[in-house]
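> Before anything else, here's the structure in question.
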Amino acid sequence: MSEYELSLRRTAGGIPVAVERIPDAQVSGYLLAVRTGSRDEPKALMGISHLLEHVVFRGTENRDNVRIMRDIEAAGGQLNAFTSSEVTAYFGVTLDRTAEVAKELVADIAVNPLIRQDDIELEKMIVLQEISMWENDPESYIHSLFARTLWDGHGLGQREAGEVETVKALGEEELRSYFEERYRAPEMAVIACGNVDCEDAVAWAEENFDPRDGSSAIVREPPRQHGAGLHVFPRDGDHSYVAMGFPSYDASHPDRPALRALATLLGGGGSSRLFQSVREEKGLVYSIFSTVDQHSDGGSFAACFSSTEGNVAESVRTVMSELRHLLREGVEQEELMKVKNMVRGNMVRSMESTSARMYRLARNYMLSGEAVPFSADLERIDAVTVDDVIRVAEDLLRPERLNVTVYGKETPELMSLDLSTFDV
């Protein structure tokens with residue numbers, strides 16, 4: 001089996017196993033994804049998914065935290081995890097000849113964590129520092145504020161690290177109960193990438209994760225409303241941070257590639273329309289870029305920038321002007337070809353990492369149920385047409401859905417902005 005192969009199988013207990021074999025790879029990676037995240041947390045437990053992700057590395061029934069790190073590093077590898085709004089995942093990547101170590105450690109921390117109070121208290125200190133860093137990094141914090149206002153009380157607006165007071169209150173009883181309830185089949189998926197064997201990966205999943213069955217399916221309420229309008233969060237200093245955007249498509253929507261092309265056209269790189277108009281022509285900002293965030297039942301598209309307080313209102317007006325121009329004047333074929341090459345280049349470069357490949361597969365499967373080859377994603381981008389981009393723009397870029405979130409001062413000019421002037 002020397003050729004590239006992407007397989008999707010299931011264990012005897014029903015756990016999906018996606019295996020991406022990469023010809024001539026010298027590394028192997030194994031990931032366990034659990035379908036639970038910050039959107040699934042009750043208000044009183046906000047941050048528990050992320051805190052638990054930290055705590056499991058403190059020790060298991062078989063290893064203490066020092067041995068866990070020593071074993072993975074001795075195998076020439078890396079052991080890590082992430083928590084998002086809908087998924088918590090643990091993964092190990094090693095040399096292909098030491099792959100058994102990655103498998104053993106991922107299974108150990110995800111199945112046999114000790115979850116002791118002393119360890120919880122230590123990790124709470126670290127998480128609280130993480131929250132503090134996030135809140136004191138306005139370029140990052142603005143994304144949290146935008147999500148909070150856009151989703152307007154929905155779980156998608158809850159940040160992954162949680163809130164200071166809820167994290168402080170979490171203890172062994174809550175974390176143990178959460179682990180026993182959520183970390184069970186069928187709310188799990190296994191991903192393997194690199195020099196890996198499908199049958200071996202399925203057998204590993206069956207041995208370690210099938211016994212943890214009996215999960216109660218998480219019931220999620222789709223987002224139905226969003227906080228359109230202007231939202232200002234006060235900040236000291238003369239610099240303001242802005243995210244302005246719209247609710248958009250979920251991770252299964254067929255127009256995802258066209259949306260990515262639209263976002264790149266508007267705010268992807270130095271030749272993008274927003275960069276040229278807001279920075280290069282008017283000098284209002286140092287940088288401006290676009291982002292696309294997708295979930296299993298919703299998504300968002302936004303332009304983000306920062307500027308001195310005197311430039312904020314004019315920057316917002318200029319972004320709105322560019323959106324109007326796009327809707328009225330359309331897109332040239334040559335511009336779309338450039339954009340598609342940019343998207344392809346970013347995608348191809350990102351896939352040089354085994355960890356990135358595992359993340360892609362885990363995210364796609366957990367959010368959309370898809371496990372498709374990377375080449376299929378490239379083909380979808382290639383198939384995007386000018387008509388597709390315009391259709392998506394007309395569908396999403398609507399003034400009544402515009403959310404402008406500002407982390408800065410409430411200047412008279414900003415507060416007098418009439419967002420309804422963004423007409424088409």
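> Return a yes/no flag: does segment 365-380 have any residue that is in the same structural domain as LEU266 (by TED's automatic domain parsing), without any contact (Cβ under 8 Å) to a residue 12 or more places away in the chain and either farther than 22 Å from VAL339 by Cβ or of a type in the set (Asp, Glu) (or both). Quick ask: steps written out before the conclusion?
Taking segment 365-380 and keeping what is in the same structural domain as LEU266 (by TED's automatic domain parsing), we get 365-380.
From what's left, without any contact (Cβ under 8 Å) to a residue 12 or more places away in the chain: 375-376, 379.
Remaining after also requiring either farther than 22 Å from VAL339 by Cβ or of a type in the set (Asp, Glu) (or both): 379.
Taking every residue of segment 365-380 in turn, at least one turns out to be in the same structural domain as LEU266 (by TED's automatic domain parsing), without any contact (Cβ under 8 Å) to a residue 12 or more places away in the chain and either farther than 22 Å from VAL339 by Cβ or of a type in the set (Asp, Glu) (or both).
> Just to check your reading of the model, which residue among VAL219, VAL242, VAL167, VAL190 is under 23 Å from the mean Cα position of the chain (by Cα), part of a strand (DSSP E or B), among the β-branched types (Val, Ile, Thr) and outside the structural domain of GLU352 (by TED's automatic domain parsing)? First the steps, then the outcome.
On the way: VAL219 fails: part of a strand (DSSP E or B); VAL242 fails: outside the structural domain of GLU352 (by TED's automatic domain parsing); VAL167 fails: part of a strand (DSSP E or B).
Answer to the selection: VAL190.
> Is it fair to say ILE68 is touching a Ser or Thr at 6+ places or on another chain (Cβ under 8 Å), assigned to a helix (DSSP H, G or I) and surrounded by fewer than 22 Cβ atoms within 10 Å (Cβ to Cβ)? Walk me through how you get there before you give the answer.
Working: touching a Ser or Thr at 6+ places or on another chain (Cβ under 8 Å): yes; assigned to a helix (DSSP H, G or I): yes; surrounded by fewer than 22 Cβ atoms within 10 Å (Cβ to Cβ): yes.
The answer is yes for ILE68.
Every residue, every condition in (1) among the small types (Gly, Ala, Ser); (2) free of Cβ contacts under 8 Å to residues at least 40 places away in the same chain; (3) over 26 Å from THR385 (Cβ atoms), yes or no:
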| position | (1), (2), (3) |
| --- | --- |
| LEU259 | no, no, no |
| GLY267 | yes, yes, no |
| LEU274 | no, no, no |
| ARG279 | no, yes, yes |
| GLY283 | yes, yes, yes |
| ASP293 | no, no, no |
| SER307 | yes, no, yes |
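> Now a separate question. In segment 304-316, what residues are in a strand (DSSP E or B), buried (at least 23 other Cβ atoms within 10 Å of the Cβ) and touching an Asp or Glu at 6+ places or on another chain (Cβ under 9 Å)? Full working, then the answer.
So in segment 304-316, the residues in a strand (DSSP E or B) come out as 304-308.
Add one more test, that the residue is buried (at least 23 other Cβ atoms within 10 Å of the Cβ), and what stays is 305, 307.
Once the filter is applied, which keeps residues that are in a strand (DSSP E or B), buried (at least 23 other Cβ atoms within 10 Å of the Cβ) and touching an Asp or Glu at 6+ places or on another chain (Cβ under 9 Å), segment 304-316 yields only SER307.
> Moving to a separate point now. Kindly check whether there is at least one residue in segment 120-131 that is of a type in the set (D, E, K, R), more than 25 Å from the chain's Cα centre (by Cα) and in a helix (DSSP H, G or I). I'd like the intermediate steps shown before the answer.
The first filter runs over segment 120-131 and keeps only residues of a type in the set (D, E, K, R), leaving 121, 123-124, 130.
After this cut, where a residue has to be more than 25 Å from the chain's Cα centre (by Cα) as well, the list is 121.
If we keep only those that are in a helix (DSSP H, G or I) as well, we get 121.
Checked segment 120-131: at least one residue is of a type in the set (D, E, K, R), more than 25 Å from the chain's Cα centre (by Cα) and in a helix (DSSP H, G or I).
> Take segment 355-404 and flag every residue that is of a type in the set (Asp, Glu) and over 20 Å from the mean Cα position of the chain (by Cα).
First, the residues of segment 355-404 that are of a type in the set (Asp, Glu): 370, 377, 379, 382, 387-388, 394-395, 400.
Scanning segment 355-404 gives GLU379, ASP382, ASP387, ASP388, GLU394, ASP395, GLU400.
> For SER290, all conditions in the list (1) more than 17 Å from the chain's Cα centre (by Cα); (2) assigned by TED's automatic domain parsing to the domain that holds GLY369 hold save one; what is the number of the exception?
It is condition (1) that SER290 fails.
> Please pick out the residue among MET320, MET337, MET351 that is free of Cβ contacts under 8 Å to residues at least 24 places away in the same chain, under 23 Å from GLN276 (Cα atoms) and either surrounded by fewer than 18 Cβ atoms within 10 Å (Cβ to Cβ) or more than 25 Å from the chain's Cα centre (by Cα) (or both). Outline the logic, then answer.
Details: MET320 fails: free of Cβ contacts under 8 Å to residues at least 24 places away in the same chain; MET351 fails: under 23 Å from GLN276 (Cα atoms).
It is MET337.
> If you don't mind, another one. What are the residues in segment 222-234 that are touching a strand residue (DSSP E or B) at 6+ places or on another chain (Cβ under 7 Å), assigned to a loop (DSSP other than H, G, I, E, B) and either among the aliphatic types (A, V, I, L, M) or modelled with pLDDT of 95 or more (or both), if any?
ALA228
> Can I ask one more? Restricting attention to segment 325-338, does a residue exist that is over 30 Å from THR149 (Cα atoms), touching a helix residue (DSSP H, G or I) at 6+ places or on another chain (Cβ under 6 Å), assigned to a helix (DSSP H, G or I) and modelled with pLDDT under 95?
no
> So which residues in segment 36-65 are part of a loop (DSSP other than H, G, I, E, B) and either of a type in the set (Gly, Ala, Ser) or touching a helix residue (DSSP H, G or I) at 6+ places or on another chain (Cβ under 6 Å) (or both), if there are any at all?
Step one: of segment 36-65, the residues part of a loop (DSSP other than H, G, I, E, B) are 36-37, 41-42, 46-47, 61-63.
Correct list: THR36, GLY37, GLU41, MET46, GLY47, ASN62.
> Would you point out the residue of segment 1-34, among those that are of a type in the set (Asp, Glu) and over 23 Å from the mean Cα position of the chain (by Cα), that is modelled with the lowest pLDDT? Break it down stepwise before answering.
Taking segment 1-34 as the starting set, the residues that turn out to be of a type in the set (Asp, Glu) are 3, 5, 20, 24.
In the following step, the residues that additionally are over 23 Å from the mean Cα position of the chain (by Cα) were identified as 3, 5, 24.
Numbers: GLU3: 75, GLU5: 91, ASP24: 85.
If we take residues in segment 1-34 being of a type in the set (Asp, Glu) and over 23 Å from the mean Cα position of the chain (by Cα), then GLU3 is modelled with the lowest pLDDT.
> Please determine whether any residue of segment 281-295 is among the basic types (Lys, Arg), surrounded by fewer than 24 Cβ atoms within 10 Å (Cβ to Cβ) and within 27 Å of ILE218 (Cβ to Cβ). Can you show your working first?
First, the residues of segment 281-295 that are among the basic types (Lys, Arg): 282.
Remaining after also requiring surrounded by fewer than 24 Cβ atoms within 10 Å (Cβ to Cβ): 282.
Narrowing the set further to residues that are within 27 Å of ILE218 (Cβ to Cβ) leaves none.
No, every residue in segment 281-295 fails to be among the basic types (Lys, Arg), surrounded by fewer than 24 Cβ atoms within 10 Å (Cβ to Cβ) and within 27 Å of ILE218 (Cβ to Cβ).
> Okay, moving on. When segment 82-116 is examined, which residues are found to be in contact with a helix residue (DSSP H, G or I) (Cβ under 6 Å, 6 or more places away or on another chain), assigned to a strand (DSSP E or B), of a type outside the set (Val, Ile, Thr) and over 14 Å from MET358 (Cα atoms)?
Within segment 82-116, PRO113 is the sole residue that qualifies.
> Suppose we keep only residues that are buried (at least 17 other Cβ atoms within 10 Å of the Cβ) and in contact with a Pro (Cβ under 9 Å, 6 or more places away or on another chain) within segment 14-44. Which one would you say is nearest to TYR90 (Cα to Cα)?
Only one residue tops the list, namely ARG35.
> Does segment 382-424 hold any residues that are crowded, with 18+ Cβ neighbours inside 10 Å, among the small types (Gly, Ala, Ser) and assigned to a loop (DSSP other than H, G, I, E, B), and which are they?
Once the filter is applied, which keeps residues that are crowded, with 18+ Cβ neighbours inside 10 Å, among the small types (Gly, Ala, Ser) and assigned to a loop (DSSP other than H, G, I, E, B), segment 382-424 yields only GLY408.
Results for (1) of a type in the set (Asp, Glu); (2) touching a residue at least 40 places away in the same chain (Cβ under 8 Å), shown as yes or no for each residue.
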residue: GLU3; (1), (2): yes, no
residue: LEU6; (1), (2): no, yes
residue: ALA12; (1), (2): no, yes
residue: ARG21; (1), (2): no, yes
residue: ALA25; (1), (2): no, yes
residue: SER28; (1), (2): no, yes
residue: LEU32; (1), (2): no, yes
residue: GLU41; (1), (2): yes, yes
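The values are calculated or read from the model by the stated rules, or taken from the named source; none is laboratory data. Just so it is clear, the model here is predicted, and its values are computed rather than measured. We place every Cβ from the backbone using ideal geometry, glycine too, and count neighbours over all the protein chains shown.
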